[in-house]
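What follows is one structure encoded as structure tokens, with my remarks underneath.
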């Protein structure tokens, strides 16, 4: 069997016993990429030579020694491009390593492939990439989800062992759900954001996309911890997550938020998630109905705050110090206007305009400040729910992968796809998505487990127990 | 329109101060003027994608210290905000500043009469010793430096991201002299705390001025004009004098004052329209999400308090009371903490503290010394003052000793010996000189005895000449008078 | 509150974006719809909601220098440069 099909945990064992070499994994991955990448298009850039050279030098005694990881194309890695799937970063080469990248390097990982994404992580389908769309490995007529669609499609499609993504409103979990892999968004502050090109600073978190829960735990252990370069990282000591899997959910109080089971959602998705809830109950957990009453406001709050922050975060892309500069600008204003208007795609422009508007004089109180307050209420919802339960169990997405092109002209409908994931970003909590079933037409369905702040160990234990008593994760996509 | 008897100006200042720190505000690049272009930059201060700011603790401490020195309220929790505007010298196209919760609010700057322009130090406005209220002090990052060529501008980002403190006054100032004294007094406080070198001519302290005029007695403010390009404290005064005159001239002619920004041209001695403010900037301030709120009540404020220096006003009062220096001398000493330290060392070992102040502030300062590195040990001035007061040397000799002290620093006592300058105070020797003088100048003796008391000076001169200037003049005077009236 | 008349071209100008007439029309329609959805927030009572602060403790930076980039690395991405300065069309105030 091709090593591309194995989990990170298994490869790690075989590498450290010297049964295999890092180059074997890279070669097997390149073979898979050679046959299927032209259909899936999970990557924006692959440097085969660099990956092979790194594999030769890999030190298999290190925790991730010789393991190839794919990076979402919004993470800076010294000397590599970092396009954010945007024309505006054409030609940019990172002058430094993101902390997450540096930590993986330090743990011995090597990098293979930069993954496609919605431009600047703005989107839920990876259709907003200036570098071409990515297809879902389960059905190439459908979207892989987004914005980390390239990472999810690469991991699910056996083109990568594991990948990093970023999650601002569901951008790791939703594509993981739609591609049938595991996606973890840690608690805000768990992993340094230094070197992750910012979309919305108060919401962004880096996280792993993997085939199994154990693989996510391994990567989280390498990535987590305080970084003096990120003022918002937490000070707690490094942990090794899932070092002793219990395999049990006995006594766990699992909350089912009633606002997350909506009349309009896909019946197949709802059935699969309720089935998962039943499994928890059958295995000794207690199901508790809880309420997160401000859930219906979450989309509005999110699209106000995320776009407001983005309007400032993306101001630096102006053609002055790096990236694309308009040809022969007639003056400074022309340089700004043309560099930005030619460099950004429509969704990015739309969100910059929205974010600029909600901060502008006369409107900031009604939109930005109001949304901040409602965000406080959403956070209280979670705090009070977690007095009644240990974890929340919800669908990740109201429906499985939708067809390519279906929503590109209706941004509001596209935004509504994030309804079950964005609240956790607003409240700062960690959450995982893992497969919990398939539709009749063989599309994966995702289950979301949300923990209290810094409750990743709890999330991973429960997810691991569920995953190991099912075989969803072993299924191979047809593409 | 009949012109009112008197107009008054209303002036408010916004002062930007470069903080004295090792590193920049939000990254570890060095904060130093004069490096090779773009050699003190990193992903953070270049605004590279993905980089994040982390606040410099020392810059926050120095801002709190400034607030404490100026009597501000220190916010228990301060926040940073983003101020959005596009400009090539602003790498992120937003500036990290403080809007709603600045580190310091309130406070005041007391106007030191001796920090008014020299020609105004005896004026009523100087003697009024007014206190000018502050609105706030906040911390932000400086912008890059631009160089302008024919068709293009070039940018050096070394200065981008260095810590900058903005001090905003209330519109309490009424005259150019007060604005001059405000900046001088503020600078004195900043120097005393080691916060900044605050030299306007080096751009370490930069000042924007808002000024309007109104008839005396009117409560409402007139239309305000903002003045820019003020590069020295005296420039601020000149610009204000010109601009107030211009505004009064205009309103007296019945013209409306435009709400605008004007540029001061120091060579032309006039202000010129830079831009009119048709539309207010929309900076779209919002809390900086990359930075957590800064708690000052958990150690930061304490750390600042432990660095509190003796404030200029307190120091002046102490020097005047304990050392008997004049108010002017106290003001000069308070303005220069290095010089003051030197003086205090010099005065420590002697009773003649006021005399020491004269030596240091008149003679020593005239040589433009660097008191921090001067080879002339401060104790020497105590010794020199003692020699004069105790009559070992006279003042003419003392000047010689001083000159030698500057040329070849050594103990003044040793210099007196080396130059053979010790005064003759021996009564017998002096009496002999006096007898000789009386014998040689019968005319002057006669004049003196017939009531022309000035005639004694000729006799004194004779004695000084004979004694090669070493005779103790006070004793000579006494002996001559006794002999002549005998 | 009712959906404000959003002047897309003005707001785009603040963000240094130029829109084609087509984009302006399309964005106006789309953003008006999105803003109308956001109006629902007005109905939520938000009296004494505590401020949202991330769940981390802030750490300040000690005032100690760390290495800067080399001039070469700092300018490597610059679209136009001369004499180690990054060039832009002339800045006029």
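The values are calculated or read from the model by the stated rules, or taken from the named source; none is laboratory data. As the structure is a computational prediction, the values presented were derived from the model and not from experiment. A quick note on method: Cβ atoms are made from the backbone with ideal geometry, for glycine too, and the neighbour counts reach across all protein chains shown.
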Q) Just wondering, is there one or more residues in the range A:405-417 that are modelled with pLDDT of 95 or more and buried (at least 24 other Cβ atoms within 10 Å of the Cβ)? A) no
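I'm checking my understanding of the structure. Among residues of the range B:453-471 that are in a helix (DSSP H, G or I) and in contact with a strand residue (DSSP E or B) (Cβ under 9 Å, 6 or more places away or on another chain), which one is modelled with the lowest pLDDT?
Per the stated criteria, the residue is B:464.
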Q: Could you figure out which of (1) assigned to a helix (DSSP H, G or I); (2) farther than 23 Å from residue B:351 by Cβ; (3) more than 41 Å from the chain's Cα centre (by Cα) isn't true of residue B:475?
A: (2)
Q: Considering only the range B:142-166, state which residues are in a loop (DSSP other than H, G, I, E, B), at the interface with another protein chain (Cβ under 10 Å from one of its Cβ atoms) and in contact (Cβ under 8 Å) with a residue 24 or more places away in the chain.
A: B:144, B:157, B:158
(Q) Looking for something surrounded by fewer than 18 Cβ atoms within 10 Å (Cβ to Cβ), in the same structural domain as residue B:410 (by TED's automatic domain parsing) and over 26 Å from the mean Cα position of the chain (by Cα) - is there at least one such residue anywhere in the range B:307-323? (A) no
Q: Mind counting the residues in the range B:451-468 that are surrounded by fewer than 16 Cβ atoms within 10 Å (Cβ to Cβ) and within 22 Å of residue B:393 (Cβ to Cβ)?
A: 4
Q) Would you call residue B:187 in the same structural domain as residue B:238 (by TED's automatic domain parsing), in contact with a strand residue (DSSP E or B) (Cβ under 8 Å, 6 or more places away or on another chain) and either surrounded by fewer than 19 Cβ atoms within 10 Å (Cβ to Cβ) or part of a loop (DSSP other than H, G, I, E, B) (or both)? A) no
Q. Is it the case that some residue within the range A:287-294 is farther than 21 Å from residue A:360 by Cα, more than 7 Å from chain C (Cβ to nearest Cβ) and assigned to a helix (DSSP H, G or I)?
A. no
**Q.** residue A:102, sole failed condition from (1) in contact with a strand residue (DSSP E or B) (Cβ under 6 Å, 6 or more places away or on another chain); (2) buried (at least 16 other Cβ atoms within 10 Å of the Cβ); (3) closer than 22 Å to residue A:167 by Cα
**A.** (1)
Q. Filter the range C:41-56 for residues that are at pLDDT below 90 and surrounded by 14 or more Cβ atoms within 10 Å (Cβ to Cβ); which is farthest from residue A:410 (Cα to Cα)?
A. C:56
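Of the residues A:242, A:235, which is at pLDDT 95 or above, outside any strand (DSSP E or B), farther than 23 Å from residue A:352 by Cα and assigned by TED's automatic domain parsing to the domain that holds residue A:462? Full working, then the answer.
Details: A:235 fails: at pLDDT 95 or above.
Residue meeting the stated conditions: A:242.
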Q) Is one or more of the residues making up the range A:313-326 in a helix (DSSP H, G or I), modelled with pLDDT of 95 or more and at the interface with another protein chain (Cβ under 7 Å from one of its Cβ atoms)? A) yes
**Q.** Residue in the range C:5-21 that is modelled with the lowest pLDDT, counting only those that are outside any helix (DSSP H, G or I) and either at the interface with chain A (Cβ under 7 Å from one of its Cβ atoms) or touching a helix residue (DSSP H, G or I) at 6+ places or on another chain (Cβ under 6 Å) (or both)
**A.** C:6
Q.
If I filter the range A:214-221 for residues that are more than 13 Å from the chain's Cα centre (by Cα), touching a residue at least 60 places away in the same chain (Cβ under 8 Å) and assigned to a loop (DSSP other than H, G, I, E, B), do I get at least one hit?
A. no
Q) Across the range B:85-130, which residue is surrounded by the fewest Cβ atoms within 10 Å (Cβ to Cβ) among those that are in a strand (DSSP E or B) and under 21 Å from the mean Cα position of the chain (by Cα)? A) B:108
Q. Of (1) out of contact with any helix residue (DSSP H, G or I) (no Cβ under 7 Å at 6 or more places or on another chain); (2) within 14 Å of another protein chain (Cβ to nearest Cβ); (3) modelled with pLDDT of 95 or more; (4) more than 28 Å from residue B:243 (Cβ to Cβ), residue B:101 satisfies all except one. Which?
A. (3)
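Considering only the range C:22-80, state which residues are away from chain B (no Cβ under 14 Å), part of a loop (DSSP other than H, G, I, E, B) and touching a helix residue (DSSP H, G or I) at 6+ places or on another chain (Cβ under 8 Å).
Within the range C:22-80, C:44, C:46, C:49 meet the criteria.
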Q. Quick one: in the range A:158-179, which of the residues that are over 9 Å from the mean Cα position of the chain (by Cα) and part of a helix (DSSP H, G or I) is nearest to residue A:424 (Cα to Cα)?
A. A:177
Q. Can you tell me how many residues in the range A:348-371 are more than 7 Å from chain C (Cβ to nearest Cβ), assigned to a helix (DSSP H, G or I) and surrounded by fewer than 19 Cβ atoms within 10 Å (Cβ to Cβ)?
A. 2
Q: Inspect the range B:8-29 for any residue being within 10 Å of chain C (Cβ to nearest Cβ), under 18 Å from residue A:232 (Cα atoms), touching a helix residue (DSSP H, G or I) at 6+ places or on another chain (Cβ under 7 Å) and surrounded by 24 or more Cβ atoms within 10 Å (Cβ to Cβ) and give the result as yes or no.
A: yes
Q. If you check A:255, A:275, which single one turns out to be away from every other protein chain (no Cβ under 14 Å), touching a helix residue (DSSP H, G or I) at 6+ places or on another chain (Cβ under 6 Å) and over 17 Å from residue A:120 (Cα atoms)?
A. A:255
Q: Report, by residue number, each residue of the range B:54-68 that is under 18 Å from residue B:315 (Cα atoms) and crowded, with 24+ Cβ neighbours inside 10 Å.
A: B:65, B:66
